[in-house]
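**Q** Have a look at the structure that comes next, please.
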Amino acid sequence: MLISISLLLCSCQAKLPVNVPELSDGNPTTCFVGTEGVNKVIFDEQYTVPIQSYKIYSSGETPVHDPPAWTLKGSYDGKNWVVVDERKDQTFCSRYQEILCSITKPSNYKQYMLEAATAVGDTLVLGDVVLFDENLNAGWEDFKYPEIDYEVIDPETKGAAIYEDLVQNPDEYIRYHARKVAEILFYSAKDTMNDVQKVHYTLKDYDGVSAKSGNPANTSIVYSTQHIEKSANESLYKLDFETRGVLFHELVHAYQFEPKGIGSYSTNKTFWACIEGLADAVRAQAGYFDMSTRYAASLLGHGKQLIKE
Ligand SMILES: [Zn+2]
């Protein structure tokens, strides 16, 4: 009996997961389902340049399956491992959410290993792990995040409850997207940009999608609980895709510059096309543009409500 147990342990250790396809396919709906306790996953692409940053994505499972802490190790020979980066007290603000980490001392490691566990002994589930040979935080460390005022006007709706399943920390979720929008619109956090101080984000029960109002310093975005419910009918991932896409679009309106000297949003079609075209272009650039819902998003989402802007 003892022998068979030790054999079992040996064979487990010898078979660490290597280059798990579900972690590297850029699709957080396919995930790595590990075990309880510490999981080790090896990335062995025989890297030729130093990794300078990496992203870990939460899965679509409940947050108890997320890792609150992890260690990234590197190796030159696949035998000796050194700690490259260590994180503690991490919380994913939503499902399918990335956490971007910079590596302070990059080196020419050939292989990497991620060690991670859940907080209280649940099975570890990871959406994706992506390694980058550039520091994706470069130029954005000083980004001025807006203050978020999150409000649920209709908390009794099904949509509001579903939103909680998707987004665990609404303030952080919106701040994350504000920076992503700025990263697409500008070269660095030092560029001249609108001073978006406060975003008032509201979940409301109405027949529509989303709308933005207010000036850049104090921007208000409303998101429809009916639209949340409809999108979630397909899947939680569809809801995530749609929620991020809509948020990208509306946040562009807070950060974008407006055309000068050609009238206004409601009087000039070129003005309108500039404003809406850029918002959809950024959404597309971010990877959250669904051609099949383009008109629904542009017309239902805007129509008369957005003419305020
Ligand atoms: Zn718009």
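The values are calculated or read from the model by the stated rules, or taken from the named source; none is laboratory data. Just so we're clear, the structure is a prediction, and the values are computed from it rather than from any experiment. Here Cβ is always computed from backbone atoms with ideal geometry, including for glycine, and neighbour counts include all displayed protein chains.
**Q** Anything in the range 247-287 that is in contact with a strand residue (DSSP E or B) (Cβ under 9 Å, 6 or more places away or on another chain), closer than 18 Å to S231 by Cα and hydrophobic (A, V, I, L, M, F, W, C)? List them, or say none.
**A** If the condition is that a residue be in contact with a strand residue (DSSP E or B) (Cβ under 9 Å, 6 or more places away or on another chain), closer than 18 Å to S231 by Cα and hydrophobic (A, V, I, L, M, F, W, C), then L247 is the only one that fits.
**Q** Follow-up question, since we're still on this one. Of these, H253, H249, which one is closer than 21 Å to D290 by Cβ and in contact with a Leu (Cβ under 9 Å, 6 or more places away or on another chain)?
**A** Of the residues listed, the single one that is closer than 21 Å to D290 by Cβ and in contact with a Leu (Cβ under 9 Å, 6 or more places away or on another chain) is H253.
**Q** Just the residues that are loosely packed, with under 13 Cβ neighbours inside 10 Å, within 15 Å of the ligand (Cβ to nearest atom) and charged (D, E, K, R), please, taken from the range 235-287.
**A** K269, the sole residue that qualifies.
Residue-by-condition table, conditions (1) within 29 Å of E61 (Cβ to Cβ); (2) outside any helix (DSSP H, G or I); (3) of a type in the set (S, T, N, Q):
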position	(1), (2), (3)
N135	no, yes, yes
G159	yes, no, no
Y201	yes, yes, no
G208	no, yes, no
G214	no, yes, no
Y223	yes, yes, no
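**Q** Another question about this same structure. Kindly indicate the residue of the range 1-20 that is assigned to a loop (DSSP other than H, G, I, E, B) and modelled with pLDDT under 90 and also surrounded by the most Cβ atoms within 10 Å (Cβ to Cβ) among those meeting that condition.
**A** K15
**Q** Something else now. Which of the residues spanning the range 120-146 are surrounded by fewer than 14 Cβ atoms within 10 Å (Cβ to Cβ) and farther than 30 Å from V49 by Cβ?
**A** Those that are surrounded by fewer than 14 Cβ atoms within 10 Å (Cβ to Cβ) and farther than 30 Å from V49 by Cβ: V120, G121, K144.
**Q** Every residue in the range 288-307 that is near the ligand (Cβ under 9 Å from one of its atoms) and either at pLDDT 70 or above or closer than 19 Å to S231 by Cα (or both), please.
**A** A297, S298, G301, H302, listed by residue number.
**Q** Tell me which of these N218 doesn't satisfy, since it passes every other one: (1) surrounded by fewer than 18 Cβ atoms within 10 Å (Cβ to Cβ); (2) out of contact with any Lys or Arg (no Cβ under 7 Å at 6 or more places or on another chain).
**A** (2)
**Q** Follow-up question, since we're still on this one. Give just the number: which of (1) out of contact with any helix residue (DSSP H, G or I) (no Cβ under 6 Å at 6 or more places or on another chain); (2) surrounded by 15 or more Cβ atoms within 10 Å (Cβ to Cβ) does T192 not satisfy?
**A** (2)
**Q** Also: Can you pull out every residue in the range 137-157 that is β-branched (V, I, T), outside any loop (DSSP other than H, G, I, E, B) and under 16 Å from D205 (Cβ atoms)?
**A** V152
**Q** When you go through V196, V181 one by one, which is the residue that is within 16 Å of the ligand (Cβ to nearest atom), in a loop (DSSP other than H, G, I, E, B) and out of contact with any Gly (no Cβ under 9 Å at 6 or more places or on another chain)?
**A** Selected residue: V196, the only one of V196, V181 that is within 16 Å of the ligand (Cβ to nearest atom), in a loop (DSSP other than H, G, I, E, B) and out of contact with any Gly (no Cβ under 9 Å at 6 or more places or on another chain).
**Q** Now for a separate question. With the range 26-88 as the region, which strands (runs of 3 or more DSSP E) entirely inside it contain at least 1 residues that are more than 14 Å from C101 (Cβ to Cβ)?
**A** Once the strands (runs of 3 or more DSSP E) in the range 26-88 are filtered for at least 1 residues that are more than 14 Å from C101 (Cβ to Cβ), what remains is 39-43, 69-75, 82-87.
**Q** Filter the range 21-36 for residues that are surrounded by fewer than 16 Cβ atoms within 10 Å (Cβ to Cβ) and of a type in the set (D, E, K, R) and give the result.
**A** Those that are surrounded by fewer than 16 Cβ atoms within 10 Å (Cβ to Cβ) and of a type in the set (D, E, K, R): D25, E36.
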